[in-house]
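Okay, so here's the structure we're looking at.
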Amino acid sequence: MLQCFQADLHIHTCLSPCGDLLMSPKRVVEDAARKKLDIIAISDHNSAENVEAAVRVGLENGVTVFPAMEVTTVEEAHFLALFNRTTAVLDLQNMIYENLPGKNDPEVFGEQIIANEYDEVEGYNERLLIGASVLSVKKLTEEIHKRGGLVVAAHVDRQAFSIISQLGFIPPDLELDGLEISARITPAKAWEMFPDIKKYPLITSSDAHYLEDIGKVKTTFMLQEPTFDEFRQAFANTNGRRLFVEEV
């Protein structure tokens, strides 16, 4: 029997330099559980070093945590890479690191904290995670799919760091699994602004950098259970599995 699962697939932790220092994996997941979210994705900038801790906390709190990352391409467009296994996202991370120039300046961009499931600091990432990789949109999409992931173009309605703002359009040969709109816009308004996006599955996410923003907007998934295989079917709208964004 299919059931409704509430998901927020774009949440940052204290690893992202723009994330609040209170956004530890433990606090993020516990806050999601309090807000009755069933599925979340930890989507830090160009890194996934806090994913494993969040997955472990999710198991203790009844929240399914999908390993993810928000990657910036050379065109300065943001994409969500969603995976079933931490090994897959960490493999992508290694490839991103090889193609991510620069070193972080904490005083300018903020600390990039690696934390465990017990709220303990385990280290600091010194890479320039807020920067852009040298990977193209097409190359990144191929690499995510090669590792069994799903590719979602992030916050396509934003006037910066979206595929539409950076390229002016969505290349017709780009194999995207879905598009994300920000919390600031409804699906109806997005479709009015960008008629061509109607052919893509549409999700909305909080893009939370602070605890209070987690679950601010949600996507509903109709699934039998909260597994990545079911999740993939919902993006493909197959076997009755589907996703939808409610108008607010």
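The values are calculated or read from the model by the stated rules, or taken from the named source; none is laboratory data. Computed from a prediction, not measured in an experiment: that's the story for all the values here. Please note: Cβ atoms are built from the backbone with ideal geometry, for glycine as well, and neighbour counts cover all protein chains shown. When the accessible area is computed, the model is the full protein with side chains, heavy atoms only, and any ligands, DNA or RNA have been set aside. Shrake-Rupley method; radii C 1.70, N 1.55, O 1.52, S 1.80 Å.
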Per its Cα gyration tensor (rounded if a/c is under 1.5, else prolate when a/b beats b/c, else oblate), the range 1-94 is best filed as prolate
Taking the dipole of the range 96-207 about the Cα centre (Lys, Arg +1; Asp, Glu -1; charges at Cβ), the one of Gly148, Leu128, Met193 that reaches farthest to the positive side is Met193
Honestly the range 57-143 on the Cα gyration tensor test (a ≥ b ≥ c root eigenvalues; a/c under 1.5 rounded, otherwise a/b vs b/c for prolate or oblate) is just oblate
In the range 196-248, the chymotrypsin sites (Phe, Trp or Tyr not before Pro) that sit in a DSSP loop and have at most 14 other Cβ atoms within 10 Å of their own Cβ are Tyr210
Within the chain, pairs of Lys residues whose Cα atoms are less than 17 angstrom apart, provided they are eight or more positions apart or on distinct chains, add up to 10
Computed ³J(HN,Hα) along the range 118-133: with the Karplus parameters 6.51/-1.76/1.60, θ = phi - 60°, integer Hz and x for glycine or proline, the list is 9, 6, 9, 6, 9, x, 10, 8, 9, 6, 7, 5, 6, x, 9, 6
Rounded to one decimal in nm, the spacing of the 7 Å Cα→Cβ label points at Lys36 and Gln224 is 2.6 nm
Per residue, accessible area of the range 37-195 with a 1.4 Å probe, heavy atoms of protein chains only, in Å², comes to 43 Å²
At R0 = 30 Å the Cβ-Cβ FRET efficiency linking Gln166 and Met1, nearest 0.05, sits at 0.10
Each label sits 7 Å from Cα toward the beta-carbon; between Lys189 and Lys138 the label points are separated, in nm, by 3.5 nm
In nm, the gap between the two label points placed 7 Å beyond Cα toward Cβ at Asp173 and His145 is 1.2 nm
Dividing the mean separation of Cα pairs under 8 Å (6+ apart) by the residue count of the chain yields a relative contact order in percent of 23 percent
With Rg from the Cα atoms and Rh as the Kirkwood inverse mean 1/r over Cα pairs, the range 125-209 has an Rg/Rh of 0.97
Taking only the alpha-carbon atoms of the chain, the convex hull volume per residue, in cubic angstrom, is 115 Å³
Among Leu37, Leu179, Leu59, the residue with the largest mean-square fluctuation in a Gaussian network model of the chain built from Cα contacts under 10 Å is Leu59
Listed residues Thr141, Thr13, Thr227; largest mean-square fluctuation, Gaussian network over the chain with Cα springs below 10 Å, found at Thr227
